[in-house]
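Report on the following structure.
A short reminder: the numbers here are calculations on the coordinates, not readings from a lab. Everything numeric in this text was worked out from a predicted model, so none of it was measured. Note: ideal-geometry Cβ built from the backbone for every residue, glycine included; neighbour counts use all protein chains shown.
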Amino acid sequence: MMTTHVTGTHEEWLAARLKLLAAEKQLTHHSDLLAQQRQALPWVRVDKTYRFETDKGSATLKDLFQGRSQLLVYHFMFGPDYTAGCPSCSAIADSFDGFVSHLANHDVTLAAVSRAPIAKLSAYKERMGWSFPWASSQGGDFNFDFNVSFTEEEQRKGDIEYNYMRGAHAMDAVPAPEPVVQFANSCGTDAVTYARDRPGLSAFVMEDGVIYHTYSTYARGLDGIWGMYQWLDRAPLGRNETGIWWRRHDEYEKC
């Protein structure tokens, strides 16, 4: 069977590749400019005292820095009523677990924060074979203040501020979208409960003992740290998706 994709000579491929290379260089340049704009955002002082539970005991936000000047927090979807972490967040965590030590040696601490109790987080972390720091914000305001967790009342009223938009979001549709139902089932909960937590990334810096919030991103803003997609975008068939295909890494059949 012959391929349905366009074929050509090496010379034709090279001409097309050089044209694409010019576009890739443009994108890289634009990405560099965006990074500079992120770093130029005004810093917002964090005066509120946040408390967390870690596998080493109670901690403050300052403690999560672990003596470094910069802190990146991945807002991992693992609500108090979940029995397992979100499969999408788990795939993202697979991507960053290996380079936590590299960031640590560049004055940056990368940690995950979720609302589930620390016992659940620690057990799941062991199951997944991860080593990154993971703190529980259960019972505190941290997740709510950084717009990754929401109350039942906010959800009922459709008054959710997520990804810099206020109102009802796709995850809050009734009936719930099939992917949300599927993910909720895999986390041992229902779609409504599952949707009270959302993914995100927040950045903080500490200067002269004062903590500042510098950046947050959500939803598709996390694509850049979702490692498997960066590889798939360079594969011959790209993302090639027809639905939810990924699972936790220990749930695939062994090849």
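Per-structure values
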| item | result |
| --- | --- |
| Linear extension gain, residue 230 paired with residue 190, 0.36 nm per residue minus alpha-carbon span | 11.3 nm |
| Theoretical gain in end-to-end length, residue 69 to residue 16 [0.36 nm per residue, Cα-Cα removed] | 14.6 nm |
| Farthest toward positive dipole pole in the chain [+1 Lys/Arg, -1 Asp/Glu at C-beta], among 213, 75, 57 | 213 |
| Charge-dipole axis of the chain as Lys and Arg at +1 and Asp and Glu at -1 on Cβ define it, positive-most pick from 175, 240, 88 | 240 |
| Cα-centred dipole magnitude for region 44-108, charges only on beta-carbon of K, R (+1) and D, E (-1), debye, nearest 20 | 300 |
| Taking the chain and dividing mean pair separation by its residue count, relative contact order in percent (alpha carbons under 8 Å, at least six apart) | 23 |
| The chain: antiparallel DSSP beta bridges as a percent of all, rounded to 5 | 75 |
| Among 125, 19, 56, residue whose mean-square fluctuation peaks in a GNM of the chain (springs only between Cα atoms under 10 Å) | 19 |
| Residue-count net charge about residue 152 - beta-carbon cut-off 13 Å; Lys, Arg +1, Asp, Glu -1 | -4 |
| Considering only region 5-139, percent of DSSP beta bridges that pair antiparallel, nearest 5 | 35 |
| Gyration tensor verdict on region 48-122 (Cα atoms; rounded if a/c is under 1.5, prolate if a/b is larger than b/c, oblate otherwise) | oblate |
| Calculated [θ] (222 nm, deg cm²/dmol) that DSSP helices of n ≥ 4 give over the chain, each run adding -39,500 (n - 2.57) | -10000 deg cm²/dmol |
| Per-pair calculated FRET efficiency, R0 = 22 Å: residue 240 and residue 34 via Cβ, rounded to 0.05 | 0.20 |
| Gained length - residue 27 relative to residue 207, 0.36 nm times residue gap less alpha-carbon distance | 61.5 nm |
| Sites matching chymotrypsin sites (Phe, Trp or Tyr not before Pro) across region 161-219 that sit in DSSP coil, with at most 13 neighbouring C-beta atoms within 10 Å | 164 |
| Straight-distance crosslink candidates among lysines, where the alpha carbon sits under 30 Å from residue 48 and sequence neighbours closer than 8 are dropped | 56, 62, 120, 125, 157 |
| Modelled FRET efficiency - R0 51 Å, residue 254 with residue 47, Cβ distances, 0.05 increments | 0.50 |
| Region 106-215 - charge dipole about Cα centre, Lys and Arg +1 at Cβ, Asp and Glu -1, debye rounded to 20 | 380 |
| Residue 145-residue 181 pseudo-label distance in nm [points 7 Å out on the Cα-to-Cβ vector] | 3.8 |
| Dipole moment magnitude, nearest 20 debye, region 29-158 about Cα centre, only Lys, Arg, Asp, Glu C-beta charged | 120 |
